[in-house]
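Heads up, the thing below is written out as structure tokens.
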Amino acid sequence: MPTPTSIARTLDRTRTVPLARIGNSRGVRLPKEVLARYGITDSVVLELVSEGVLIRPIVDPRATWDETFVEMAAEREDWSDLEAVAGDGLEKLLW
């Protein structure tokens, strides 16, 4: 597997690639080094941005605990009623 350093040497930040015909559509063939570098396997996210089209890997939507804590702290949500709802009996329900 290529290392990030070897990939950086092989790839420029911009590269012109031809479009491949796929029926009435066109496709972009991503070089093996790009797939490896960004962990792309079967699908990508296609995002339309003001500068053009951004192709990026699909990121696991599950946040880490650290990310979750940072987001919760930024929201400054009031958790003072947590104790009141903790005893509502919800834990006794069968799920």
Can you name the residue in segment 50-79 that is at pLDDT 85 or above and part of a loop (DSSP other than H, G, I, E, B) and is also farthest from Thr16 (Cα to Cα) among such residues? Ile58
Just the residues that are within 19 Å of Arg13 (Cβ to Cβ) and either without any contact (Cβ under 8 Å) to a residue 24 or more places away in the chain or among the aromatic types (Phe, Trp, Tyr) (or both), please, taken from segment 45-67. Glu47, Val49, Ser50, Glu51, Gly52, Val53, Leu54, Arg56, Pro57
Within segment 18-72, which residues are surrounded by fewer than 10 Cβ atoms within 10 Å (Cβ to Cβ), of a type in the set (Gly, Ala, Ser) and within 19 Å of the chain's Cα centre (by Cα)? Gly39, Ser43, Gly52
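The values are calculated or read from the model by the stated rules, or taken from the named source; none is laboratory data. These numbers were taken from a predicted model, which means no experiment stands behind them. In this analysis, Cβ positions are derived from the backbone assuming ideal geometry, glycine residues included, and neighbour counts consider all displayed protein chains.
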